[in-house]
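J.: My structure is below; once you've seen it, I'll send some questions.
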Amino acid sequence: MVEMGSEREKDLENNGGLTATDSIESRWVFQDVYDSDMDSGDHGTDDGSTPRNDLELDSDDDDDNAMRKLIRTGPRIDSFDALEVPGAQRNDFDDVSAGRKILLAFQTLGVVFGDVGTSPLYTFSVMFSKAPVNGNEDVLGALSLVLYTLILISLVKYVLIVLWANDDGEGGTFALYSLLCRHAKVNLLPNQLASDARVSGFRLKVPSPELERSLKIKERLEASLTLKKLLLMLVLAGTAMVIADGVVTPAMSVMSAVGGLRVGVSGVKQDQVVMISVAFLVILFSVQKYGTSKMGHFVGPALFIWFCSLGGIGVYNLIKYDSSVWRAFNPVHIYYYFKRNSTKVWYSLGGCILCATGSEAMFADLCYFSVRSVQLTFVFLVLPCLLLGYLGQAAYLMENHADTTQAFFSSVPSGVFWPIFLIANVAALIASRAMTTATFSCIKQSTALGCFPRLKIIHTSRKFMGQIYIPVMNWFLLALSLVMVCSISSIYEIGNAYGIAELGVMMMTTILVTIVMLLIWQINIIIVLSFVVIFLGLELIFFSSVLWSVGDGSWIILVFAVVLFFIMYIWNYGSKLKYETEVKQKMSMDLLRELGPNLGTIRAPGIGLLYNELAKGIPAIFGHFLTTLPAVHSMIIFVCIKYIPVPVVPQNERFLFRRVCPRGYHIFRCIARYGYKDVRKENQQAFEQLLIESLEKFIRRDAQERSLESDGNDESDSEEEHAFSRVLIAPNGSVYSLGVPLLSDFKDTGKAVVEESISEELKAGPSLESLLTDAEQSFEKELSFLRKAKESGVVYLLGHGNIRAKKSSWFIKKLFINYFYAFLRKNCRREIANLSVPHSHLMQVGMTYMV
């Protein structure tokens, strides 16, 4: 028994400070008597040496002479949360009724499938502009290419596979990146805490037979800085392509729909089509602010009519013209098509991929709806109507080879041309919103994960927090779409740019989902290899085709994507450099010890909330406040707004409080944790009230823990008794003093063994009642101090830390940091802006770091 206890002590001494056994409901931990309840990893010295606990300031004892205590804790004693809010935030779609699911499936038509639904307007026209029809076999070959591209990429890849790689209902490239960051330490920003993994959103996969391979991949990713940077660049490239897609989608959809006028009215010219398209685009982006939910009730029925029209026209053309086009489901026609016109067909692949445009929107817009609603809608309505629409166009073209320039509108029966033209334009406007909403989602995700400058985000739905509107990006996308429509008036050239944007994000998604399969899903390697070879191989073939025609004007979209990539990379690089510099220059605990509880200045009544980005240590900006201001507040709280790689942090797990200095200093740290999908619309008064109540809860529990831990440690004069003195605190608050042998006895025989030893072990110490009385007095005193400070007022202390490159730095670094990053930081939205704090409650100090 004693040997087991000694071995345990050695392990604890090797690990330092605070360790725990494997337990779910409660934990046994050893702790030095002067340790606080904080994670030891939350503090460190400036020189990078072994971290020290903040409460070691008032203890000069050596580690060898320090008395250890055995404490049994709950699942998490240093996470003093905000409020026990019932019904904590979770997936929006977990508890919806069957009728609500049907309504959600109906709304997905307008929000998710608008883009892929309008692809019949232009797919065949763009294809045959590069590979003219020379016979019916060419029509069959092109149709076969379109059918299998739609089935393989849209149905198999996205609907059946990629949608399941969502991050708790959130889709898109950054959702995949967040998923990877949660399972492996691949985030370049070094602000991770061990407590992050205790948030309920961290639902990691149970080990499987493929675990060994997964662990090797995890270790390789975490150990290689190059792989981390490469992974980040893949994610940024994919996000840049999504935003570029949000520019080209409105231009392509609206131009192709309005172009139908040239079929119905022979006198209409291309310039008039462009002017009408510009007017439609302005209207489209102007109504974007009314929200996805409100617009979804309108566009859902409109898209339902559109898909039914597609299917109806397809059936009509199949019956009237040539029903033999069903033969296109035989893939041998693809082989014959390439055999007859290999080079031209290869050029036309850039048009063929347009049939799958909008597939990425299904994934990126997933945060608006559930996976099942998207899958049901696509399989039972969208896909059949699209297949019938393409079959009907091909049946018409079998007898009208010359009408390939406007294949869709030419195949519409003359009696219903104008109603179909009207609904086609409505569908095109709705389709333009599909990638716009996807763009908003990606930008919000990337902002939360530190890869995009902060922008104003408006939440358009009270029920579903994922439905957002970003005004700046809305008008930015409008301006660029207008530039594209006016400068590139041909839908063939716009179609090539469309293909570049779509294929770029498709390839990034394929690579990221492959990593998810290996690291997280842990499925058979044969399945993983089949996925990456088939789909990445197909996308590379398509991408080679669109790149060959990049000189016809579609290079504009590539330039735009590159600019976006550099904006995101520079922001991430600057933010990482700034955080690392603040960590290196944080204040020393020894300095605070020398200053004393008054911090070398006057402590005026009140609470000061010092906002900073550090999750560990004391920010250097605090020292700047001490030297700049004539007085500081009697209570200081370092508030860190921290995003962790989960979609949602429940409200009752929002705040993490810790005591930074000994009690007399009245300095605390509050880490406000958010997921990248969380709504940040707190009212200033509500935020203050929530924070104060959380701090009261922390002080109460902290007082209880301290009172129960103090068990007359100074009573024994024997060095041997010091070495073996232990205190046990049970989860119900009972206090016991134990010897080492009783540790293993407790594990073997349970609680009864401990109860038998109470009377003898507590004889030497003060009574429990006196300890609790002292604790109550100490608690009431500190609580009274907190309330008086609150009555005096709360002031928000904002430290604006700027960085500049040193004179000895490389020219590129100076350019990035001193100009590009400085410009982005100057014009981005401040974190405090979400609270709408009055100017009378604000106090700001600037500080510049040389990096």
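J.: Restricting to the range 329-383, and then to whatever is open to solvent by 70 Å² or more (accessible area, probe 1.4 Å) and under 27 Å from G169 (Cα atoms), can you tell me which residue is nearest to the chain's Cα centre (by Cα)?
T.: Per the stated criteria, the residue is R372.
J.: Right, another one. One residue is enough: does the range 249-262 have a residue meeting the conditions under 30 Å from R182 (Cα atoms), among the small types (G, A, S) and either modelled with pLDDT under 90 or open to solvent by less than 30 Å² (accessible area, probe 1.4 Å) (or both)?
T.: Among the residues of the range 249-262, not one is under 30 Å from R182 (Cα atoms), among the small types (G, A, S) and either modelled with pLDDT under 90 or open to solvent by less than 30 Å² (accessible area, probe 1.4 Å) (or both), which makes the answer no.
J.: Among the numbered criteria (1) at pLDDT below 75; (2) open to solvent by 60 Å² or more (accessible area, probe 1.4 Å), which one does R220 miss?
T.: (1)
J.: Working only within the range 150-192, note down all residues that are closer than 16 Å to S446 by Cα and among the β-branched types (V, I, T).
T.: T173, V186
Quick grid of which residues meet (1) out of contact with any strand residue (DSSP E or B) (no Cβ under 7 Å at 6 or more places or on another chain); (2) of a type outside the set (V, I, T):
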position	(1), (2)
M568	yes, yes
A604	no, yes
I607	no, no
P619	no, yes
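J.: Just checking, how many residues over the range 504-546 are farther than 28 Å from L564 by Cβ and without any contact (Cβ under 8 Å) to a residue 12 or more places away in the chain?
T.: Adding up the residues that qualify gives 5.
J.: Mind checking which residues of the range 567-617 are small (G, A, S) and not in a helix (DSSP H, G or I)? Break it down into steps so the answer makes sense when it comes.
T.: Restricting attention to the range 567-617, the residues satisfying the condition of being small (G, A, S) are 574-575, 588, 596, 600, 604, 606, 608, 615, 617.
Selection gives S588, G596, G600, A604, G606, G608, A615, G617.
J.: For E493, are the conditions met, namely being charged (D, E, K, R) and within 30 Å of G675 (Cβ to Cβ)?
T.: Answer is no for this residue.
J.: Next question, about the same structure. Among the residues of the range 576-591, are any of a type in the set (A, V, I, L, M) and in contact with a Cys (Cβ under 7 Å, 6 or more places away or on another chain)?
T.: Within the range 576-591, the subset of a type in the set (A, V, I, L, M) is 577, 583, 587, 589, 591.
Restricting the remaining residues to those that are in contact with a Cys (Cβ under 7 Å, 6 or more places away or on another chain) gives none.
Checking the range 576-591: not a single residue is of a type in the set (A, V, I, L, M) and in contact with a Cys (Cβ under 7 Å, 6 or more places away or on another chain).
J.: Could you give every pair whose Cβ atoms fall below 9 Å, whose first residue belongs to the range 579-603 and is farther than 28 Å from Y821 by Cβ, and whose second residue is part of a strand (DSSP E or B) and of a type in the set (D, E, K, R), counting only separations of at least 6 or pairs across chains?
T.: As it stands, the answer is P597/R603, since those pairs meet every condition given.
J.: I'd like the residue in the range 407-438 that is out of contact with any Leu (no Cβ under 7 Å at 6 or more places or on another chain) and among the hydroxyl-bearing types (S, T, Y) and, out of all such residues, is most open to solvent (accessible area, probe 1.4 Å).
T.: Per the stated criteria, the residue is S414.
J.: A further question follows. Kindly list, by first and then second residue, each pair from a residue in the range 838-851 that is more than 19 Å from A620 (Cα to Cα) to a residue that is assigned to a loop (DSSP other than H, G, I, E, B) and at pLDDT 80 or above, limited to pairs with Cβ atoms under 8 Å and residues at least 6 apart or on different chains.
T.: Filtered contacts from the range 838-851: H841/G793.
J.: Let me ask you something else. Report yes if E705 is part of a helix (DSSP H, G or I), modelled with pLDDT under 80, open to solvent by 10 Å² or more (accessible area, probe 1.4 Å) and under 29 Å from L592 (Cα atoms), otherwise no.
T.: Taking the combined requirement at face value, the residue satisfies it.
J.: Another question, if that's okay. Which pairs do you get when a residue that is on the phi > 0 side of the Ramachandran plot and in the same structural domain as A428 (by the TED database), found in the range 304-326, comes within reach of a residue that is of a type in the set (K, R) and surrounded by 19 or more Cβ atoms within 10 Å (Cβ to Cβ), reach meaning Cβ atoms under 8 angstrom, with the pair 6+ apart or on two chains?
T.: Here the result reads none, with nothing in the range 304-326 linked to a residue that is of a type in the set (K, R) and surrounded by 19 or more Cβ atoms within 10 Å (Cβ to Cβ).
The values are calculated or read from the model by the stated rules, or taken from the named source; none is laboratory data. Model, not experiment: these values are computed from the prediction. Virtual Cβ from ideal backbone geometry, glycine too; neighbours counted across all protein chains shown. Each accessible area value is taken on the protein alone, full model and side chains, heavy atoms only, with ligands, DNA and RNA left out. Shrake-Rupley method; radii C 1.70, N 1.55, O 1.52, S 1.80 Å.
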